[in-house]
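Read the structure below first, then the notes.
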Amino acid sequence: MTSVATKRMVQGGEFLITDANPNSIFTRDDLEEIQYQIASAIKEFFEKEVIPRAEEVESLNADTIRELMRKAGDVGVLGLEVPTAMGGYGQKKSTALLVGESHTKQSSFSGCIAVHTSVGMIPIVYFGTEAQRRQYLTKLLSGEWIAAYCLTEPHCGSDAMAIRTTATLSEDGKHYIINGSKMWITNAGFANLFNVAAKVDGKKFTMFIVEADTPGITLGAEEKKMGLTGSSTRPVFFDNVKVPIENILGEIGKGHHIAFNALNMGRMNIGSSSYAQLKRSISISVKYAKLRKAFGKTIADFGLIKHKLAEMAIKAYAVESMAFRTAGLIDDQLQSLDPDSSDYLARSMEVLREYAIESSIMKVYGSEAQGYGVDEALQIFGGNGYSKEYPAERDYRDARPSRIFEGTNEINRMLIVDMLIKRAMSGTLPIVSTGEQIIKDVYDTGPLPQIDPDQKDSSPFSKEKTLISNMKKASIMLLWQAAQKWMIALAEEQEVVAAISDCIMETYAAESTYLRTLKHIETKGEESSTYHITMMQVFLNDAVMRLEITARKTLAVIAEGAELGASLKSLQRLLQWQPINTVAARRQIADKIIDRESYPFD
Amino acid sequence: MKIIVCVKQVPSRDAILRINETSSWIQDRDIAYDVNEPDSYAVEEALKIKEKFGGEVVICSLGPERVQVAIKEGLAKGADRGIHICDPALDNLDALAQARAMAEVIGKEGFDLVFTGLQSDDYGFAQTGVILGELLGVPSATIAMAVEVQDGEKSVRVKRELEAGWFQWYQMPLPASISIQSGLNQPRYATLKGIMNAKKKEIRKVTLSDLSISKDLLVPKQKIERVYFPVKSKKTEIIDGSAKEAAAKLVTKLKQMRAL
């Protein structure tokens, strides 16, 4: 494995085979003042305009939501990431992450904005014609119009390519006639525009821009959802809907590229909003824990409550580290493009596609960490947590769909391994040769870096560095052995694929957390990094244990007998790690949270 | 109309405050700062007057590097430029000494109106605005709930908040200094467009060496002796007797405590 000394373009998925340098990654500490200024303005908008009207939004008052969307347009939040040449503000992904942090208090309205700006606007920004942008983008940027995205159908969700909606060319060749049913359409109740996926001639997957008042469109009733009650979710029916041929988005037969690219973007966004939600869970539950008394003291004094608070913070730290690292990768590549070049948009899309593996990791790991946070926050509130009078209950319900939409976490787990294998087979990433070398090293007891028992490497956190390098090796070893055994039939072994994905995700999270901490120490000094270091160490300690258990179980599926014995021994050699006292460390983190009544720093 | 708005950065409303080692003030590390609330209203009032009469709005702030954020917020909302009085020797002075520094800068700038917030959310002295008016030699009005520029921009009519729901209208010639009360308008929030435009706006830095104030004049006349959290206490007293007697005793006691 090589070390990255200077900044260069990092490939998607490369983290698994290359040990990165702390200075090569982007972290939250690298944000600039103007990014904070933008986030602060949007936070003020949310606090002054949206939060006071939360009840109107939650009761799905369409007039209120429309009015707030127009105001969101005035502030500029709808055009945050849209190129300046198209009337947007061309801001970086890292700014969008920071802005996302102000959205957590009103998830329904945030969801409306998220759908509008990602799957609603992205297809038109990146694949629309000049005329389409002129006609629609201005209205979408100002919030005058609200967009929705129609992909899912009653009989198909995850298998999006199986849609049955059809688009047939009219006799005069001027229109396509769309017929079909769509389900779970967010913003449907007040959308002015639908991006609709349909098959031309029943075969060619194509996206269309369809104005909502086109004759033949009808809406079904609002879904009676578990949460996000202020978000409109309805079926949309298309009965001989005539759409001008000028409204084809991109090319006929290539609509799935648009659909999947928009989803990639959405995945990254879910990952980022999840750490912000974790921080919110900490804030609301620590305040409650400091007030609630039991057995003569506040419940914040109890070890088990401290454990929960600390674990939420550790997870937020890890997810945030991954989110800014990934955003930095995307921003680095986007910054290197010339916005005036004719292929700027196509190349921008390629950048987003490049980091599809990382985006899927963000989505799965982030949404599950968020799930942990809302669950434990509710638990800290005890019986009151189960009451609608307290905020933990709504957060719990609102967070649940994050594990379902933008591709379920199951689908994304399959995708992570599938995309890595494709990159390995095409030679984009040298996973095959790295895998062969690792297997050779592991079995031959060759030059394998081991956790140095004598601490010959005196550099700080060298043990952690070696451990992370070995977590990568363990993940590749699993992937390599599974691929050897099942070859192309590996996709059928979903349990194994998901387990390998879990190991890869733990590795990305562990390395991102470690690198961010080291960068913080380098720039701010060790004294100012006490909590960064403690959170990194606890996270790493637990991540390696989770990885080891998953890997051991999975090896037993892949191999048996002597071969299994040898594999387990190799794994043990790789993951030698003396556990740290996580109780003391978590109490230290929790005490800081209790003192600040929020996440330990920011 | 040239309006100079003095803004101060204060610990944010939800900051967890801790007293420093010498009990002279709060610990300033690990705290988020915001623009002082009445100052935001002052900025808004200035921008509204500019929208009506034209002219220039200048944001002036005294404090360490971090106060640039407060100036930039004003610029993003639509102010034209900023002045940052930045010198460690000027931090932690009393209202009079800080007003001297500001008066010199503002006096040289020239102005039609100087706005300050009524008082700061941290010290709460409510002194800087009036001292500033005095030092600049212009009429001052405090606790303004409305500001109307009149007479072809020659005078200003101010609605002052008095006690018990009473107000006073007061007219004075320009130039003048006015301290603004919260709630007289609806402060706008910065937009992305405003933030982008503000990048090009000038913030002039002024240090003590740029000012001709003798060091003697900067010696604080006022000092905080000790900062402490109020001690929470609770005392219950049962008043004996029949309902009538107890009620009479209660009334006497409440009167003694000046609660009635």
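The values are calculated or read from the model by the stated rules, or taken from the named source; none is laboratory data. Because the structure is a prediction, the values reported are computed rather than measured. FYI the Cβ positions are ideal-geometry reconstructions off the backbone, even for glycines, and counts take in every protein chain you see. Heads up: the accessible areas ignore ligands, DNA and RNA and are worked out on the full protein's heavy atoms, side chains in. Shrake-Rupley method; radii C 1.70, N 1.55, O 1.52, S 1.80 Å.
General observations
- Of the chymotrypsin sites (Phe, Trp or Tyr not before Pro) found in the stretch A:287-396, those that fall in a DSSP loop while having at most 16 other beta-carbon atoms within 10 Å are A:PHE295, A:PHE302.
- Placing dummy labels 7 Å off each Cα toward the beta-carbon, the span from A:GLU526 to A:PHE237 is 7.0 nm.
- Using only side-chain charges placed at the Cβ, +1 for Lys and Arg and -1 for Asp and Glu, the dipole size of the stretch A:426-596 relative to its Cα centre rounds to 300 debye.
- Taking B:ALA243, B:ALA176, B:ALA76 as the candidate residues, the one with maximal mean-square fluctuation in a Gaussian network model of chain B, Cα springs under 10 Å, is B:ALA243.
- Once divided by 2.2 N^0.38 Å, the Cα radius of gyration of the stretch A:542-602 becomes 1.72.
- In Hz, Karplus ³J(HN,Hα) per residue of the stretch B:137-149 (6.51, -1.76, 1.60; θ = phi - 60°; x = Gly, Pro): x, 10, x, 10, 9, 10, 6, 6, 10, 7, 10, 10, 7
- The angle between the Cα long axis of helix A:462-486 and the main principal axis of chain A comes to about 60°, on a 0 to 90 degree scale.
- Residue (of A:GLY202, A:LEU137, A:ALA499) at the positive-pole extreme of chain A, dipole from beta-carbon charges: A:ALA499
- Take each residue of peptide A:37-46, count the partner chain Cβ atoms within 10 Å of its Cβ, and average: the result is 5.
- Cβ-placed point charges (K, R +1; D, E -1), dipole of the protein assembly as shown about Cα centre in debye, nearest 20: 1440
- Between the stretch B:31-50 and the stretch A:392-439, the Cα center-to-center distance that results, in Å: 48
- Converting phi to 3J(HN,Hα) with the Karplus coefficients 6.51, -1.76 and 1.60 and the offset θ = phi - 60°, the stretch A:272-289 yields 6, 5, 5, 5, 5, 5, 4, 5, 5, 4, 4, 4, 6, 7, 5, 5, 5, 4 Hz in sequence order, with x at every glycine or proline.
- Qualifying chymotrypsin sites (Phe, Trp or Tyr not before Pro) for the stretch B:131-226 [loop in DSSP, other Cβ within 10 Å: at most 11]: B:TRP166
- Whole-percent carbon and sulfur share, accessible surface of the stretch A:33-142, 1.4 Å: 51
- Convex hull of alpha carbon positions in the stretch A:225-311: directionally averaged projected area 9.8 nm².
- According to the Kirkwood relation over distinct C-alpha pairs, the hydrodynamic radius of the stretch A:220-272 is 14.5 Å.
- 3J(HN,Hα) along the stretch B:11-23, derived from phi through the Karplus expression 6.51 cos²θ - 1.76 cosθ + 1.60 where θ = phi - 60°, amounts to x, 5, 3, 9, 5, 7, 8, 10, 7, 6, 4, 8, 6 Hz, with x in place of Gly and Pro.
- Here is the interface size for A with B: some 1600 Å² of accessible area buried, both sides summed, with a 1.4 Å probe.
- Alpha-carbon spread of the protein assembly as shown, three principal axes, descending order, Å: 89, 80, 74
- Database remark: amide H of B:LYS205 closer than 5 angstrom to the amide H of B:HIS84 (H placed geometrically; neighbours at sequence offset of 5 or more, or on other chains; Pro and chain starts carry no H).
- The figure for A:ASP502 is an accessible area of roughly 50 square angstrom, using a 1.4 Å probe on the protein chains alone.
- Across the alpha-carbon atoms of the stretch A:426-596, the computed radius of gyration and Dmax are 17.6, 54 angstrom.
- Translational diffusion coefficient of the stretch B:1-62 (Stokes-Einstein, Kirkwood radius from Cα pairs, 25 °C, 0.890 mPa s): 182 µm²/s.
- Take each residue in B:190-199, count the other chain C-beta atoms within 10 Å of its C-beta, and the mean is 6.
- Across the stretch A:33-142, counting alpha-carbon atoms alone, Rg and Dmax equal 13.7, 39 Å.
- Debye log10 I(q)/I(0) for the stretch A:96-255, one point scatterer per Cα, at q = 0.09, 0.13, 0.21 Å⁻¹: -0.28, -0.59, -1.46
- Legend: distances between Cα atoms for B:LYS52/B:LYS154; B:LYS48/B:LYS77; A:LYS92/B:LYS201; A:LYS48/B:LYS77; A:LYS43/A:LYS315; B:LYS8/B:LYS205; pairs beyond 18 Å are A:LYS92/B:LYS201; A:LYS43/A:LYS315.
- In the protein assembly as shown, taking the dipole from charged Cβ atoms about the Cα centre, the farthest positive-side position among A:LEU479, A:LEU490, A:HIS116 is held by A:HIS116.
- Mean-position separation - Cα centroids, the stretch A:332-371 and the stretch B:187-260, in angstrom: 49
- Kirkwood Rh in Å, taken over all unlike Cα pairs in chain B: 20.4
- Legend: distances between Cα atoms for A:LYS93/A:LYS139; A:LYS287/A:LYS519; A:LYS93/B:LYS199; pairs beyond 28 Å are A:LYS287/A:LYS519.
- Computed from the C-beta positions of B:ASP151 and A:TYR36 and an R0 of 51 Å, the FRET efficiency is 0.75 to the nearest 0.05.
- Under a model in which nothing but the beta-carbon of Lys, Arg (+1) and Asp, Glu (-1) is charged, the stretch A:33-142 shows a dipole of about 360 debye around its Cα centre.
- Summing Lys and Arg as +1 and Asp and Glu as -1 over all other residues whose Cβ lies under 12 Å from the Cβ of A:SER348 gives a net charge of -3.
- Under-5 Å amide H pairs with B:GLN27, H placed in peptide plane, nonlocal only: B:ARG18, B:ILE19, B:ASN20
- The label point for B:VAL251 and the one for B:GLN171, both projected 7 Å from the Cα toward the Cβ, are 4.9 nm apart.
- Using the 1.4 Å probe convention, the accessible area of chain A works out to 41 Å² per residue with neighbouring protein chains retained.
- Proximal lysines to B:LYS253, defined as alpha-carbon separation beneath 17 angstrom and excluding residues fewer than eight positions away on the same chain: B:LYS234, B:LYS235, B:LYS244
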